[in-house]
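**Student:** Have a look at the structure that comes next, please.
The values are calculated or read from the model by the stated rules, or taken from the named source; none is laboratory data. Just so you know, these numbers come straight off a predicted model, no measurement behind them. Cβ placement follows ideal geometry from the backbone for every residue including glycine, while neighbour counts extend to all protein chains displayed. The area values use the complete protein model at the heavy-atom level, side chains included, leaving out ligands, DNA and RNA. Shrake-Rupley method; radii C 1.70, N 1.55, O 1.52, S 1.80 Å.
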Amino acid sequence: MSVERTLSRIDVNLLATALIIAAIGCTLVYSATHFSPDAPLYRRQVIWTLIGIILMMVFIAVDYHALMEISPFLYGMGLCLLGYVLVWGRLTRNVKSWIHIGSFQFQPSEFMKIFTALLIAKYFDSNDRAYLNFRTFFAVMAIIGAPVLLIAIQPAVGSAASFLPLVGVAMFFGGIKPRYWLIAILCFLIALPIGWHYLKPFQKERIKIFLDPARDPLGSGYQVMQAKIATGSGGITGKGFLHGTQVNLEYLPARHTDFIFSVLGEEWGFLGCVVALSLFFVLLYLGIRTAQRSKERFGAILAFGLVSIFFFQIFVNVGGALGLLPVTGVTLPFFSYGGSALLMNFVAIGLLLNIGMRRFMF
């Protein structure tokens, strides 16, 4: 098949939806930072977006089956970077998540999501059992558990939790016997009190504030209450672009990262939130359709894995902004400021487009 004909098979709807969401994200970052010393962040976000588009084009052009072959190497490299962060990483906002090279920094955990999804897809591509036995189940959990453990030690529980959707994808495609489901549920329930014991004080406080934000309205509960006020104060149509009082008066913390959705709610109102969530829904739907249309197992599993990561991040971030879930630091795809997360998002879109484009070659 010629290159021209192959490129003509690109899912234009998926590509356009991703670019529109990214453009809205740049606008929101500008709105959240234009009046403060953080104003240069908007220019960085635009630069990262342009780099992300170039990276997306690279991952469209390279046959994703080649990535399957080198997925063990990519996964191993990712684990090494996570280990490097724990030993030599700089403590930033209570966690060691970034590798600093001069003025440049990146977050290995973001790219590790892609590497882990690739390795899981490769593992199941070579394993066509109707059900996972104990050995294969343990192997899959080890693949997912290794980066989760290293990230949780940072401690970045939100980033670690972003790998959980891959567990669901593994169970769905691998097949789990009912007794293993029961064992998994029991293990999870037993692990809850144990996990609480090992949480850092600020992580426990986030959960307590989620249950009762008014317990410390001027302290740890401040950001959640201000996020809910900002989101709700926009009403139906919003206060208008650059006219959000909670944002402009800097009442809303982390407005360009964790609570970017609250900026959207205050300035664009309920209608703006509905439009944005509808775009995310379209993105997820087109991603699932790509997985369903894939002619081979590896592409389908990889596509479902990437879509599940997107869904989890959207669900958790929006839920946190609305006070329906604890604030975990999980970013909103394409909206929240951050180079590593933005590049990972574009790589994921590039892979989805790659899978959909090459299904015609089978």
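**Student:** What is the extension gain from residue 84 to residue 53, computed as 0.36 nm multiplied by their sequence separation minus the C-alpha to C-alpha distance, in nm to one decimal?
**Tutor:** Contour length minus the Cα-Cα distance gives 8.3 nm.
**Student:** Once you have the Cα-Cα distance between residue 69 and residue 105, take 0.36 nm times their residue separation minus that, and quote the gain in nm to one decimal.
**Tutor:** 10.1 nm
**Student:** A further question follows. Give me the one-decimal nm value for the distance between modelled label points at residue 325 and residue 16, 7 Å along each residue's Cα-to-Cβ direction.
**Tutor:** 3.0 nm
**Student:** Another question, if that's okay. To check my understanding: the extent here is largest minus smallest coordinate of the Cα atoms along each principal axis. What are those three numbers for the range 234-319, in Å, largest first?
**Tutor:** For the range 234-319, the Cα spread along each principal axis is 53, 23, 17 Å.
**Student:** Reported to two decimal places, what Rg/Rh ratio describes the range 27-97 when computed on Cα atoms with Rh from the Kirkwood expression?
**Tutor:** 1.12
**Student:** Something else about it: Rounded, prolate or oblate: which fits the range 62-117, taking a ≥ b ≥ c as square roots of the Cα gyration tensor eigenvalues, rounded meaning a/c under 1.5, else prolate when a/b beats b/c?
**Tutor:** Prolate.
**Student:** Also, quick follow-up: To two decimal places, what compactness ratio does the range 37-78 give when its Cα radius of gyration is scaled by 2.2 N^0.38 Å?
**Tutor:** 1.66
**Student:** Taking a 1.4 Å probe, which of 55, 50, 284, 342 shows the most accessible area, and what order do the others take after it?
**Tutor:** Sorted by accessible area, descending: 50, 55, 284, 342.
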